[in-house]
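The values are calculated or read from the model by the stated rules, or taken from the named source; none is laboratory data. These numbers come from a predicted model, not from an experiment. All Cβ positions, glycine included, derive from the backbone under ideal geometry; neighbour counts span all protein chains shown. All accessible areas refer to the heavy atoms of the entire protein, side chains included, with ligands and DNA or RNA removed. Shrake-Rupley method; radii C 1.70, N 1.55, O 1.52, S 1.80 Å.
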Amino acid sequence: MNKISLKLGFWFLVVMLLMEVFLLYFLHKNIVITQIEKELSALQARGNNHRDVLEESYSPETLQHISLMELSGEMDVIVTDNNQNIIISSSKLDPVEEKILSYDLKNVPRNGKVIEQRWRDKKYISTVTPYSINANEKGYVYMFQNTNQVQEIITNLNHHFIVAAVITGIFLILTILFLTKVLTTPLIRMKKATEKLSKGDFSVHLPKMGKDELGDLSQSIKILANDLKYLKEERNEFLASISHELRTPLTYIKGYADVARRKNLIDKERDQYLEIIYEESEKLSVMIKDLFNLAKIDRNSFVIDRINVQLCFFFHSLYEKVLPAFKEKGVELELICKENVIVRIDPIRFEQILLNLLNNALKYSEPHTTTSISVKREKGKVRIEIKDEGSGIPKEDVPFIFERFYRVEKSRSRDSGGTGLGLSIVKELIESHEGNIEVKSEPGKGSTFIISIEEETE
Ligand SMILES: Nc1ncnc2c1ncn2[C@@H]1O[C@H](COP(=O)(O)OP(=O)(O)OP(=O)(O)O)[C@@H](O)[C@H]1O
Ligand SMILES: [Mg+2]
């Protein structure tokens, strides 16, 4: 037994028992009252009956006859005159009956009345009915009934009630045991599962449950376990990639520093090595900056400050900014933005997105190709396309290019450069703008990155 089933079971039992006792008590009381009333009115009816016979033909024979009628059986009859002197009685009087006979009789209605109904502690219940033949001959017909029989009936009734109470009690306890088990077993399983989770064991097995709240809870725990497992794996992978990525430039730095330290080196060579060291350190610091950004986005401590921006203005100034780099490599850059579109973006972050995409386009393009930026309205959204005629991305790599550290060119040679963080930052930033990014690419022909974001209309 565990705490929750004890608690549930206990309260359920208490409430149900109270209800049972309450119900049985009132039922019992009602049955007893009805039974006694029945007995009393039968007694009174019998008295009235005797009175009718007596009034019809009042004679010693009739009196005899009446007393004979009650000779056997549970009832006794006593006929008295107006002063309660006994004229005839069906059995020998006992003191209790005598006492009842001496009760003061005032205003007895013609149909009689009950004069003793305390069945529980008196030996008899009793009724009296007045009769009158003429002015002189008046009197009363007393009826008595021994309470033994009533008491016996009630005792029997009590037995039945006790048996019923015990049986329902047992059923109640069984039902409670069953219900608490049904209710609490899944809860306890889930508790164990979450304990396992908190200890870092993500292999949670919970049986399938119904479509009720418990089922939902168990489902949520399963999802949570999977998420945690995924996160843990992702973190391990991420750490492995980071250390790997850091090692490459560091190897260069260390190697070239070692060479540059040699005494018999001509200045030109030394400068060259120092230049490489500088570049690699630069790369390292860029990478660390990127990682830092990603961590910030992940922690949600990344504030994006969205304002309404006229998209074409934004692109024109961006165009001016990147054009020299494109010119230098001999790649043509085109901007098509005619519509007057307003979007709600954080201009600094959005520039970061586009610089990343344009950098990629430039990096993976050969001279004498064209890269174009176009802005269009489409179905209430704004569609921004960055299209290059570069190397393209192999089909099997496309699903992964937004992952951290993913690069098509796996060798980390010094010239092919990047760390593979650019697009993962782009994706996170776009998502924090509630936008969407997808890519279409054909190896050898080029790639198109398509951003869609909500247009601001007010
Ligand atoms: N326009 C493109 N044309 C061809 N391949 C691309 C293009 N953009 C991205 N890729 C491929 O996707 C990979 C991931 O791009 P991402 O921008 O994340 O990394 P990176 O450019 O290698 O490094 P970083 O941007 O961090 O300096 C790239 O290594 C490249 O193989
Ligand atoms: Mg890049």
Which numbered condition residue 376 fails, given (1) over 26 Å from residue 244 (Cα atoms); (2) in contact with a strand residue (DSSP E or B) (Cβ under 9 Å, 6 or more places away or on another chain); (3) touching a residue at least 60 places away in the same chain (Cβ under 8 Å):
(3)
Return yes when residue 338 is part of a loop (DSSP other than H, G, I, E, B) and either away from ligand 2 (no atom under 16 Å from the Cβ) or assigned by TED's automatic domain parsing to the domain that holds residue 447 (or both) and no when it is not.
yes
Expected single match for within 16 Å of ligand 2 (Cβ to nearest atom), over 28 Å from residue 328 (Cβ atoms) and of a type in the set (Phe, Trp, Tyr) among 449, 400 is 400
Can you find, within segment 281-298, the residue that is modelled with the lowest pLDDT among those that are surrounded by 14 or more Cβ atoms within 10 Å (Cβ to Cβ) and within 43 Å of the chain's Cα centre (by Cα)?
297
Restricting attention to segment 429-456, the residues that are within 39 Å of the chain's Cα centre (by Cα) and open to solvent by 50 Å² or more (accessible area, probe 1.4 Å) number exactly 6
Conditions (1) surrounded by fewer than 16 Cβ atoms within 10 Å (Cβ to Cβ); (2) in contact with a Lys or Arg (Cβ under 8 Å, 6 or more places away or on another chain); number of the one not met by residue 338
(2)
Contacts under 7 angstrom Cβ, first residue in segment 423-446 being near ligand 1 (Cβ under 10 Å from one of its atoms), partner open to solvent by 40 Å² or more (accessible area, probe 1.4 Å) and in a strand (DSSP E or B), 6 or more apart:
446/387
Only residues in segment 96-123 that are under 23 Å from residue 53 (Cβ atoms) count as the first member; pair them with residues that are part of a loop (DSSP other than H, G, I, E, B) and among the hydroxyl-bearing types (Ser, Thr, Tyr), Cβ under 6 angstrom, at least 6 apart or cross-chain, and list the lot.
115/103
Can you name every residue in segment 175-192 that is open to solvent by 80 Å² or more (accessible area, probe 1.4 Å) and closer than 15 Å to residue 226 by Cα?
none
Given the options 36, 87, 31, 66, name the one that is in a strand (DSSP E or B) and of a type in the set (Val, Ile, Thr).
87
If I filter segment 369-380 down to residues being assigned to a loop (DSSP other than H, G, I, E, B) and more than 22 Å from residue 321 (Cβ to Cβ), which single residue comes out as nearest to ligand 1 (Cβ to nearest atom)?
379
Given the conditions (1) open to solvent by 90 Å² or more (accessible area, probe 1.4 Å); (2) farther than 18 Å from residue 153 by Cβ, report the number of the one that residue 47 does not fulfil.
(1)
Quick one: is residue 156 at pLDDT 90 or above and either aromatic (Phe, Trp, Tyr) or open to solvent by 70 Å² or more (accessible area, probe 1.4 Å) (or both)?
yes
Between 383, 407, which is assigned by TED's automatic domain parsing to the domain that holds residue 317 and more than 15 Å from ligand 1 (Cβ to nearest atom)?
383
Picked from segment 400-428 (must be among the polar types (S, T, N, Q) and buried (at least 18 other Cβ atoms within 10 Å of the Cβ)), the residue modelled with the lowest pLDDT is 419
For residue 331, work out the one condition from (1) buried (at least 19 other Cβ atoms within 10 Å of the Cβ); (2) within 15 Å of ligand 2 (Cβ to nearest atom) it doesn't fulfil.
(2)
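Quick grid of which residues meet (1) of a type in the set (Gly, Ala, Ser); (2) at pLDDT below 85; (3) open to solvent by 60 Å² or more (accessible area, probe 1.4 Å):
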residue	(1), (2), (3)
194	no, no, no
199	no, no, yes
215	yes, no, no
222	no, no, no
